[in-house]
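Have a look at the structure below, then the notes.
The values are calculated or read from the model by the stated rules, or taken from the named source; none is laboratory data. A quick note: this is a predicted structure, and the numbers were derived from the prediction, not measured. Note that each Cβ is placed from the backbone with ideal geometry, even for glycine, and that neighbours are counted across all protein chains shown. For the accessible areas, the whole protein counts, side chains as well, though only heavy atoms, and no ligand, DNA or RNA atoms are used. Shrake-Rupley method; radii C 1.70, N 1.55, O 1.52, S 1.80 Å.
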Amino acid sequence: MIKAETIKEVRDQVKAWRKEGLTIGLVPTMGYLHEGHASLVDKAVSQCDRVIVSDFVNPTQFGPTEDLSTYPRDFERDCKLLEEHGASLVFHPSVEEMYGEAAATYVEILNDMPKRLCGQTRPIHFRGVCTVVSKLFNIATPDKAFFGMKDAQQLSIIKKMVKDMSYGIEIVGCPIIREDDGLAKSSRNTYLNEEERKAALVLSKAVKLGKEMAENCEKDAAKILEAQKDLIEKEPLAKIDYVSAANFDTLEPETQVKSGTLFAMAVYIGKTRLIDNFLYE
Ligand code: AMP
């Protein structure tokens, strides 16, 4: 596996692969990789000749009071996992390499999509995500890019950006990978102490409850959201940020459950903000 730290190294390698007629997949990550990330790499390896994984904690998607400085990092361990899963190149740039000294250009969706759900408490988050993903698209010029449903709003917004900006890149959504007890895998789970780790199960339990209600033909989204909230509020360490139903494509609020309704939540467990969701199909 090639380890690249500069944009030029990636571009030169991509050029060489293109000369050979090879297809390229991209998996953007912030590192501290787990089996959720690995599942994206596996899917990319199964669909593309070469797979580039970016491993970059992107400062522009963190708000001033968020966890940029404490975000977990372990590049050597990441490389081991990526090699085991057959990635061809890991791109691990410095902040200077990605943004230079005075970068002042952002990619931002100007409708309400980035303001809804997580955008209510993270107002600049999706501008940072769209900007870094655009840069990665321009650097890696992939045929396909792979994103997890774990971050459903991000996936929806990236699809919109790709359509609006005519990127010509196929966006592949991948299912949420969970721990054996149901907790969605996340780099941020490492922040949880033993007691919080147990309390965090309330998210996946609420997802399961909502899914069962929807599958049992409950069509009133408000009833499902109420049941989910009631369950979460019983957990003393949990504090709800939001529990919402939205159209997966537009992120507009939805009152009737139908194919494409996304039930998404963000819940603080102690100081750690966790997200989870299910898509009714
Ligand atoms: P992150 O490193 O948290 O920015 O995540 C990088 C990519 O991995 C994103 O597309 C995430 O949606 C995806 N991802 C993170 N956790 C999971 C998970 N538990 N299951 C599936 N995909 C995930």
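Restricting attention to the range 257-281, the residues that are farther than 22 Å from Leu237 by Cβ and assigned to a loop (DSSP other than H, G, I, E, B) add up to 5.
Go through Ser39, Ser54 for me and flag whichever is part of a helix (DSSP H, G or I) and among the hydroxyl-bearing types (Ser, Thr, Tyr).
Working: Ser54 fails: part of a helix (DSSP H, G or I).
Residue meeting the stated conditions: Ser39.
Looking only at residues in the range 146-193 that are open to solvent by 30 Å² or more (accessible area, probe 1.4 Å) and of a type in the set (Phe, Trp, Tyr), the one that is nearest to the ligand (Cβ to nearest atom) is Tyr191. Within the range 6-54, track down each residue that is within 13 Å of the ligand (Cβ to nearest atom), open to solvent by 10 Å² or more (accessible area, probe 1.4 Å) and either closer than 19 Å to Thr131 by Cα or basic (Lys, Arg) (or both). Of everything in the range 6-54, those that are within 13 Å of the ligand (Cβ to nearest atom), open to solvent by 10 Å² or more (accessible area, probe 1.4 Å) and either closer than 19 Å to Thr131 by Cα or basic (Lys, Arg) (or both) turn out to be Pro28, Thr29, Met30, Lys43. Against the numbered list (1) away from the ligand (no atom under 16 Å from the Cβ); (2) within 30 Å of Lys144 (Cβ to Cβ); (3) in contact (Cβ under 8 Å) with a residue 40 or more places away in the chain; (4) buried (at least 20 other Cβ atoms within 10 Å of the Cβ), Ala245 comes up short only at (3).
Of the residues that sit in the range 214-256 and are of a type in the set (D, E, K, R) and assigned to a strand (DSSP E or B), which one is nearest to Lys115 (Cα to Cα)? Only one residue tops the list, namely Asp241. For Lys185, only one of the following conditions fails: (1) out of contact with any His (no Cβ under 7 Å at 6 or more places or on another chain); (2) in contact (Cβ under 8 Å) with a residue 60 or more places away in the chain. What is its number? Condition not satisfied by Lys185: (1).
How about the range 194-209: which of its residues are among the charged types (D, E, K, R) and open to solvent by less than 20 Å² (accessible area, probe 1.4 Å)? Working first, answer last.
Residues of the range 194-209 among the charged types (D, E, K, R): 194-198, 205, 208.
Once the filter is applied, which keeps residues that are among the charged types (D, E, K, R) and open to solvent by less than 20 Å² (accessible area, probe 1.4 Å), the range 194-209 yields nothing.
Quick check on my filter: what residues within the range 210-231 are open to solvent by 30 Å² or more (accessible area, probe 1.4 Å) and either in contact with a helix residue (DSSP H, G or I) (Cβ under 6 Å, 6 or more places away or on another chain) or of a type in the set (Asp, Glu) (or both)? Answer for the range 210-231, where residues must be open to solvent by 30 Å² or more (accessible area, probe 1.4 Å) and either in contact with a helix residue (DSSP H, G or I) (Cβ under 6 Å, 6 or more places away or on another chain) or of a type in the set (Asp, Glu) (or both): Glu212, Met213, Glu215, Glu218, Asp220, Glu226, Asp230, Leu231. Within the range 194-231, the residues that satisfy the criterion of being within 16 Å of the ligand (Cβ to nearest atom) and without any contact (Cβ under 8 Å) to a residue 24 or more places away in the chain are Arg197, Leu201. Go through (1) without any contact (Cβ under 8 Å) to a residue 24 or more places away in the chain; (2) within 23 Å of Lys185 (Cβ to Cβ); (3) open to solvent by 60 Å² or more (accessible area, probe 1.4 Å) for Lys239 and report which single condition fails. Status for Lys239: all satisfied but (1). For the range 63-79, indicate whether the set of residues that are within 16 Å of the ligand (Cβ to nearest atom), buried (at least 20 other Cβ atoms within 10 Å of the Cβ) and either under 19 Å from Gly148 (Cβ atoms) or assigned by TED's automatic domain parsing to the domain that holds Thr131 (or both) is non-empty. Yes.
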